[in-house]
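The values are calculated or read from the model by the stated rules, or taken from the named source; none is laboratory data. Given the structure is predicted, the values throughout are model-derived calculations rather than measurements. Don't worry about glycine lacking a Cβ; one is built from the backbone with ideal geometry, like all the others, and counts go over all protein chains shown. We work out accessible area using only protein heavy atoms, side chains counted, and drop any ligands, DNA or RNA first. Shrake-Rupley method; radii C 1.70, N 1.55, O 1.52, S 1.80 Å.
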Amino acid sequence: QVQLVVPIAVVFGPGSVPGDLPRPLPFGDVQEMEISVNLRTSVTSRYEMLYRSTTGQEEAALAAATAREADAALHPLQDTTLGSLTMYVVSETSSLLPQGINVYVGKHRSALVRAVGSLAALQARLQEVTQVMSFTASSIAAALSDRVPNGQLSPDARRYLKSSLGYEITFSLLNPDPKSHAVDWDIEGAVNCYVKPVLDKLSLVANFSVDSQILYYAVLGVTPRYDKESSSFLLSAHSLPHVINPVEARLGSSAASLYPVLNFLLYVPERSHSPLYIQDKDGAPVSTNAFHSPRWGGIMVYNTEAPASSQASLPLHVDVDMARVMEVFLAQLRLLFGLSREELPPEFLLESPGNEGLADWELDHLLWAHTVENIATVSTTLTSLAQLLDKIGNIVIKDDVASEVYRAVASVQSAMAKLSLGHLHAAFQASKEAVTSSERAFFDPSLLHLLYFPDDQKFAIYIPLFLPMAVPILLSLAKIVRETRQRKKEPTKMD
């Protein structure tokens, strides 16, 4: 039974206090909601709300011209603890929010909410905002996807990467026709400019390593269809799954990897199949000319411009526009981590996270999901280990294995206690330690079940060895016993 606690500060600006408050400010309130995963597992979400008025500095910040400026000014004044939220309620007539917008979600851990008449209506709106900025029933279900009954999980939930201590990201340039195209891509500069800020933010979640490679004569393995109308080649949606397997055999990145590998492939079509476009299920061209594979990565097709004259010398020099490519790959990276923006009501306005790639509250969203998933993983691992040890009665458990099990149990209990106190960062760190310890115990070489034989196998092995020797010994013992009994029966001679 996991309890997720979200501390929320609801700050009323001038002219935004509802008339039906139950008691004077400041005061606290608690709202609970149960997320049922299956018959045995449920997660309780507890929102601890503190209602108060703005301070002088916060009032000055809320007097800014735009919501973006107000969000930037309020950031140093608010609680920056991971998992906590601050809701600033502004008056109904405030010009801070654009016309038709009732909620502005900033790129940190705060939101601006337009006041409504009653406290109940305001709480309903605040709950909607909290669901967006912390976790939803669907995100928790996706984190516990192994326990959710079939058919109750959204298709998107299978797309997300499983929680891991580390990830390896590989960028690959596929040039199937190097005689025609000399492709130049500044991957190092692009990674430093676009990918590094995102991974620096995600470093709290896991360790990341990035590498790149160029593969020549690597073809997709699917022959595209020629379309006479557009004078181009097309890859239909149903053929896309067959594209990955032939390419993956050439990548070689996952062979020696300890962690999940995310593959991002940039494919420059050969001259005989150029230009090449990807179609969606409805037959319309995909605007990004890219597609992604759940828990694997993504592929982008990069068409080169045809030479002005047919007499142009080969190979043609191709300079890749890395900004356009990285925009697609980072969007796919967000999808793989479950950070895709869900459908929001039209009165919501979300601030772009900018160069960092994800907002602070999106990072918290990821930490909530991974912490819950880690706790479930440890529970499953230790249960499997206990079942294994129960089956093998004579198994030897070494002290270091036992200490890892004790450490895993203590860490997972600590993670659950920290979650119930609203300390998200500490809970996540404890859950990571619990996963590490439970995996070490489960995969310890001394607990390999093949080292231990069931009793029936022992009899099958040893009886053929000892039975031939045992037969004459047993017959001799029987003969000695028989002779001893006969001696006792014979009367002794008396002189």
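Here are the numbers:
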| item | result |
| --- | --- |
| Some residue of segment 365-379 being open to solvent by 20 Å² or more (accessible area, probe 1.4 Å), closer than 25 Å to residue 68 by Cβ and either touching a residue at least 24 places away in the same chain (Cβ under 8 Å) or not in a loop (DSSP other than H, G, I, E, B) (or both) | yes |
| Candidate set: segment 10-63, residues that are farther than 16 Å from residue 89 by Cα and acidic (Asp, Glu); chosen: the one most open to solvent (accessible area, probe 1.4 Å) | 34 |
| Complete set of residues in segment 180-208 that are among the small types (Gly, Ala, Ser), surrounded by fewer than 14 Cβ atoms within 10 Å (Cβ to Cβ) and in contact (Cβ under 8 Å) with a residue 40 or more places away in the chain | 182, 189 |
| Of all residues in segment 432-450 being modelled with pLDDT of 80 or more and not in a helix (DSSP H, G or I), the one that is nearest to residue 165 (Cα to Cα) | 443 |
| Any hit, segment 332-354, residues being open to solvent by less than 50 Å² (accessible area, probe 1.4 Å), modelled with pLDDT of 90 or more and not polar (S, T, N, Q) | yes |
| Residue within segment 395-407 that is in contact with a Ser or Thr (Cβ under 9 Å, 6 or more places away or on another chain) and within 27 Å of residue 79 (Cα to Cα) present | no |
| Residue 327 being open to solvent by 30 Å² or more (accessible area, probe 1.4 Å), under 20 Å from residue 196 (Cβ atoms) and modelled with pLDDT of 90 or more | yes |
| Test: residue 396 is touching a Leu at 6+ places or on another chain (Cβ under 8 Å) and either free of Cβ contacts under 8 Å to residues at least 24 places away in the same chain or β-branched (Val, Ile, Thr) (or both) | no |
| Given (1) open to solvent by 70 Å² or more (accessible area, probe 1.4 Å); (2) of a type in the set (A, V, I, L, M, F, W, C); (3) not in a helix (DSSP H, G or I), number of the condition residue 465 does not satisfy | (3) |
